[in-house]
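The values are calculated or read from the model by the stated rules, or taken from the named source; none is laboratory data. This is a predicted model, so every value here is computed, not measured. Here the Cβ is made from the backbone with ideal geometry for all residues, glycine too, and neighbour counts use every protein chain on show.
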Amino acid sequence: MSSPTGGDPRPEIHRTAQGDWVVVGRRCRACAEPVAYAWPRCPACAAAVEAAHFGPRGTVWSSTVVRIAVPGHTPPYSLAYVDLDDGPRVLAHVAGDEPAPIGRPAWLVGTSDAGDLQVEVDR
Ligand SMILES: [Zn+2]
């Protein structure tokens, strides 16, 4: 289950008939704000929203390498915020243990066994 109603806070993703992974979110009918979650109203202007899919491509906005142990994850591992094309910013795991270069193209490649959103980055 997606936020903000509780449960798993990670975005829900879906594989299209063309084989692309996309985030299942919402777009505001009034101001076009993209949201990575199934929010009932626009978080920017409170207008009505409609279902929208975002991705699979985007751009790395920021990245880091996690070097501390977290349950279910073995450090080191790389995380990145990715601005999906014409869509929201999402947090995703990146293959490898190097930070993803900021500004580089990235694309959704599904989820890990632990259910984390994953991207590959064109380094
Ligand atoms: Zn809005």
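Count of the range 23-78 residues, restricted to those that are in a loop (DSSP other than H, G, I, E, B) and either within 10 Å of the ligand (Cβ to nearest atom) or buried (at least 17 other Cβ atoms within 10 Å of the Cβ) (or both), is 17.
Inspect the range 108-115 for any residue being out of contact with any Gly (no Cβ under 6 Å at 6 or more places or on another chain), assigned to a strand (DSSP E or B) and charged (D, E, K, R) and give the result as yes or no. Within the range 108-115, none of the residues are out of contact with any Gly (no Cβ under 6 Å at 6 or more places or on another chain), assigned to a strand (DSSP E or B) and charged (D, E, K, R). Every listed requirement among (1) modelled with pLDDT of 95 or more; (2) under 27 Å from Ala95 (Cα atoms) is met by Ala32 save one, (2).
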